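Notes follow once the structure below has been shown.
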Amino acid sequence: MSKTLRFISISHKTASVSKREEYHISDCEKNNLINLIQTAFPDIAGLLLLTTCNRTEIYIESAETTAIDLRDFLVNYKKRNLALDKNLFNLSNSTEDTVRHLLEVSSGLASSIVGDAEIIHQIKKAHQLAIANHLQGSILERAMQTVFKTHKRISNETEFRDGTTSVAYKSLKMISDTFGKGHRQSKKILFIGAGDIVKQLFKYNSKFDYDDIYISNRTEEKAVILAKRYGCKVYPWEKVLQNEFFGFDVLISAAGNCHRLINNIVNENRKLLLIDLALPSNINKELIQQSNVTLYDLDTISVGLENTRERRIASISKVDKINEEELRAFSVWHREAPLREFLAEHKILVNKKVKAYYKANGIEEDSAEITQSTNRVMRKLIKHFEAPLKSDELDIIIAEHIF
């Protein structure tokens, strides 16, 4: 039986956050899970394990193991109820449908935020894990190269990757835009609050690497936890209440229920960037009247994000077209795979038989002529692809096409 590419998926489209959490696979358990899958299904030649905050997906290249087999295995591995959870999964045993799904995921069309740029990095990480475990497989590897080529085309040929639709990411980028890439690392930054937005700020900072970050929160324990997790420093909440921000270049405030928390900024004759991500707002908008202060709030940030979102939506048809073009190219490659395997298998045999024919008939060997004779026989053999030849039949063809 020929190998097929298959997948299972539980995502934000099929399951609640609590259900997705039950099937999340942490980095520390991935290698163990891969080993268990290999042991349970030894016919698997390729395996890609993709986990994000919105989805857990497993792609396999196998001859016998089905997507249902893999789904049932994962449900049992997570000790969940198969009867209750089996319908939370999307799955397919079709190579073409699997690659189509992978392209939709990798391009950001299937993301909760349309055009999400994070997903391609997560897929690259999953690909690297597959390679490290020697589980890239021939079909899966070709599918991954199709993904990377498609991503490059989408980036170059559409506006789908332009900008960001994340408030946290946009806020961090504003630091770079305000101070310039050459000076951003030296800037002292204060995050105010410890909720979801601040957590996202820390997450996205992996792409910016700002290293002089402080965090302050009215519940100091929460600030301490985030500070330890992300390697930053805690700034006293009392000083925030007193509006003491000496030495800071950037304040990003996202504290809940703290209207006009920041009312007064002492002019230090230095540029100060204020970003207010709270609702109700934390920062008094009148501070923008100071010559050294630049202030952005959710409204001003959202204008840029909305423009980005509209450009992305307008580009969806172009992304769909690119995905379909690359899927067709993959499908052609996949259909021709058996023929390539047939030719690769027979070329060595034909070459040996051609050399033996030369020797048996006392013909002086010439490498160029042997190569030409081998290629002539191989072209003839293509006609017999569906009906394998017997050894004596192959000898007859060689004799007829040596000269």
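Tabulated values for the structure
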quantity: The one condition in (1) modelled with pLDDT of 90 or more; (2) under 26 Å from HIS101 (Cβ atoms); (3) β-branched (Val, Ile, Thr) that ILE313 fails to fulfil; calculated: (1)
quantity: Only listed residue being among the basic types (Lys, Arg), on the phi < 0 side of the Ramachandran plot, part of a loop (DSSP other than H, G, I, E, B) and surrounded by fewer than 20 Cβ atoms within 10 Å (Cβ to Cβ), chosen from LYS181, LYS173, LYS199; calculated: LYS181
quantity: Lone qualifier among LEU109, LEU88, LEU47 - being over 16 Å from the mean Cα position of the chain (by Cα) and either over 30 Å from SER155 (Cβ atoms) or aliphatic (A, V, I, L, M) (or both); calculated: LEU88
quantity: Residue list for the stretch 289-299, restricted to those being over 35 Å from the mean Cα position of the chain (by Cα) and exposed (fewer than 14 other Cβ atoms within 10 Å of the Cβ); calculated: GLN289, SER291, ASN292
quantity: Close pairs from the stretch 277-291: first within 8 Å of ALA254 (Cα to Cα), partner buried (at least 17 other Cβ atoms within 10 Å of the Cβ) and small (Gly, Ala, Ser), Cβ under 7 Å, at least 6 apart; calculated: LEU277/SER171; LEU277/SER253; LEU277/ALA254; ALA278/SER253; ALA278/ALA254; ALA278/ALA255; ASN282/SER253; ASN282/ALA255
quantity: Any hit, the stretch 317-324, residues being of a type outside the set (A, V, I, L, M, F, W, C) and within 22 Å of ILE175 (Cα to Cα); calculated: no
quantity: Where a residue in the stretch 60-81 is touching a residue at least 24 places away in the same chain (Cβ under 8 Å) and assigned by TED's automatic domain parsing to the domain that holds GLY46 and its partner, wherever it lies, is among the acidic types (Asp, Glu) and outside any helix (DSSP H, G or I), with Cβ under 9 Å and at least six apart; calculated: SER62/ASP43; ALA63/ASP43; GLU64/ASP43; THR65/ASP43
quantity: Hits in the stretch 54-85 - residues which are assigned to a loop (DSSP other than H, G, I, E, B) and under 19 Å from the mean Cα position of the chain (by Cα); calculated: ASN54
quantity: Count - residues of the stretch 233-261 that are over 20 Å from LEU277 (Cα atoms) and in contact (Cβ under 8 Å) with a residue 24 or more places away in the chain; calculated: 1
quantity: Some residue of the stretch 216-227 being more than 23 Å from SER176 (Cα to Cα), without any contact (Cβ under 8 Å) to a residue 12 or more places away in the chain, among the polar types (S, T, N, Q) and surrounded by fewer than 21 Cβ atoms within 10 Å (Cβ to Cβ); calculated: no
quantity: Residue that is modelled with the lowest pLDDT, among those in the stretch 142-161 that are under 15 Å from ILE119 (Cα atoms) and part of a loop (DSSP other than H, G, I, E, B); calculated: ARG161
quantity: Number of the condition not met by LEU327 [criteria: (1) aliphatic (A, V, I, L, M); (2) part of a loop (DSSP other than H, G, I, E, B); (3) outside the structural domain of PHE191 (by TED's automatic domain parsing)]; calculated: (2)
quantity: Inter-residue pairs, beta-carbon under 8 Å, first free of Cβ contacts under 8 Å to residues at least 60 places away in the same chain and assigned to a helix (DSSP H, G or I) and in the stretch 1-28, second buried (at least 20 other Cβ atoms within 10 Å of the Cβ) and among the β-branched types (Val, Ile, Thr), 6+ apart; calculated: ARG20/ILE10; ARG20/THR56
quantity: Hits in the stretch 82-101 - residues which are in contact with a helix residue (DSSP H, G or I) (Cβ under 8 Å, 6 or more places away or on another chain) and within 23 Å of GLU29 (Cβ to Cβ); calculated: LEU82, ASP85, LYS86, LEU88, PHE89, ASN90, LEU91
quantity: Test: residue in the stretch 41-52 that is outside the structural domain of LYS207 (by TED's automatic domain parsing) and either among the basic types (Lys, Arg) or in contact with a Cys (Cβ under 9 Å, 6 or more places away or on another chain) (or both); calculated: no
quantity: Some residue of the stretch 96-109 being closer than 18 Å to ARG6 by Cα, free of Cβ contacts under 8 Å to residues at least 40 places away in the same chain and in a helix (DSSP H, G or I); calculated: yes
quantity: Among the residues listed as LYS149, LYS124, the single one being under 15 Å from the mean Cα position of the chain (by Cα), of a type in the set (Lys, Arg) and under 19 Å from THR52 (Cβ atoms); calculated: LYS124
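Conditions tested, residue by residue: (1) more than 18 Å from LEU135 (Cβ to Cβ); (2) at pLDDT below 95; (3) in contact with a Lys or Arg (Cβ under 9 Å, 6 or more places away or on another chain).
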{"residue": "THR56", "(1), (2), (3)": "no, yes, yes"}
{"residue": "TYR59", "(1), (2), (3)": "no, no, yes"}
{"residue": "ASP72", "(1), (2), (3)": "yes, no, yes"}
{"residue": "ASN76", "(1), (2), (3)": "yes, no, no"}
{"residue": "THR95", "(1), (2), (3)": "no, no, yes"}
{"residue": "ARG100", "(1), (2), (3)": "yes, no, no"}
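The values are calculated or read from the model by the stated rules, or taken from the named source; none is laboratory data. No experiment lies behind these values; they were computed from the predicted model shown. Cβ coordinates were reconstructed from backbone atoms using ideal geometry, including for glycine residues, and neighbour counts include every protein chain displayed.
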